[in-house]
1. Between helix 118-130 and the chain, what is the angle of the helix's C-alpha long axis to the longest principal axis, kept within 0 to 90° and rounded to the nearest 10?
2. How many nm separate the modelled label positions at K284 and A25, each set 7 Å beyond the Cα in the direction of the Cβ?
3. How charged is the neighbourhood of A33? Take every other residue with its Cβ under 15 Å from the Cβ of A33, and add Lys/Arg as +1 and Asp/Glu as -1.
4. Given the rule -39500 (n - 2.57) for each run of at least 4 DSSP H residues, summed and divided by the residues of the chain, what is its mean residue ellipticity at 222 nm, to the nearest 500 deg cm²/dmol?
5. Using the heavy atoms of the protein chains and a 1.4 angstrom probe, tell me the accessible area per residue for the chain in square angstrom.
6. State to the nearest 20 debye the size of the charge dipole of the chain about its Cα centre, where the only charges are +1 on K and R beta carbons and -1 on D and E beta carbons.
7. Please give the length that would be gained between A48 and S269 if that part of the chain were fully extended, namely 0.36 nm times their separation in residues minus their C-alpha to C-alpha distance (nm, one decimal).
8. Given a 10 angstrom Cα cut-off, can you work out which residue in V216, V88, V14 is the most mobile in a GNM of the chain?
Amino acid sequence: MLEAVGVSAFDEDVYRAVLSGPQCAVRDLAESAGAGVARTGKALKRLAGLGLVRRVGPGRWEAVSPRSALSALLNQRRSETETMFGEVESVLAELHRLHSAGQLGAHPEALVEVLSDRKAISRRVDEVSRSVTTHVWTLDRPPYLEAVGQPDFHDQERAATREWWERGVDIRGVYCLESIEPPGRLETILSLAALGEQSRLLRHLPFKARIVDRKVAMVPLTGGSKESIVFVHPSGLLDGLVELFEAYWERAEPLLSEQVEDRADGGPSEEELILVRLLHAGFKDQAIARQLGVSVRTATRRVASLMRRLDAGTRFQAGVRARERGWV
């Protein structure tokens, strides 16, 4: 049981024997362990070196409190293990760089992996997504591998985002007008932002991509993810995609404002926030109605109500007033 902290099975038997009495003679401990005095004495010295027992007189030993002694030993082993894994990860990264350099010289095609079978694409995307450790950066635009309107699609997105955020992953998403056009899509994106994703909006993105851990990028080659996708591994091309994402990120505007007023103090409702963002993105009443799941007339009425609250005469002015209040 205690082998995980460096105590052998025999030493553990001796340790348990010491725990059974206030002070124990080596001869008695040897008899209890069914071993010779010399072997038992060596075990006691090893246990003393681990801080589990101490000598209290010639040939007599007693146990240190297991709660403090074993806790200290466990913490020491945990620290050593974490250090060891950190060293292994550093070596792994170096070996990966060596391998990539070798592949670039001998087989440059290995740095770009192209898939066109839909099942193979889904399987590979899932593998990469499950391997995330540090970064998930996304340039988002349709079409998507899964049907956006299906509840499972949004639930999976939210579950993955929550898991990544809990693990400390840097999650960033840059969306465009086409991203938020499908009904209910903006609401889902805002929920991802609430879960921990840093979400920003641009009017247009020329392509879609996802960069994972800054070590692999997934980019559709044609119209969408369903047809063919390329996986770009560490190379100059991947470096370029990382820089391109960072450029789009700087140009995009945050979807959520950190300075928004509290609702209890007269801040916006959730629906008003969605309306403001739709207006700010340039959506017309018909598109707003699709997002909210209401009729065009109802959407128009809600926009008018929002403009009155913001004391705005035009939609552009409503956007300016909303920004002044920190709503966008």
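The values are calculated or read from the model by the stated rules, or taken from the named source; none is laboratory data. Given the structure is predicted, the values throughout are model-derived calculations rather than measurements. Cβ: placed from backbone, ideal geometry, glycine included. Neighbour counts: every protein chain shown. Surface areas here come from the heavy atoms of the whole protein model, side chains and all, with no ligands, DNA or RNA. Shrake-Rupley method; radii C 1.70, N 1.55, O 1.52, S 1.80 Å.
1. Helix 118-130 sits at roughly 60 degrees to that axis.
2. So the label points at K284 and A25 sit 10.1 nm apart.
3. Surrounding charge for A33 is +1.
4. -17000 deg cm²/dmol
5. Numbers: 18340 Å² over 328 residues.
Ligands and nucleic acids excluded, the figure is 56 Å² per residue.
6. That gives a dipole near 400 debye.
7. Separation in residues times 0.36 nm, less the Cα-Cα distance, equals 73.0 nm.
8. Ranking V216, V88, V14 by mean-square fluctuation puts V14 first.
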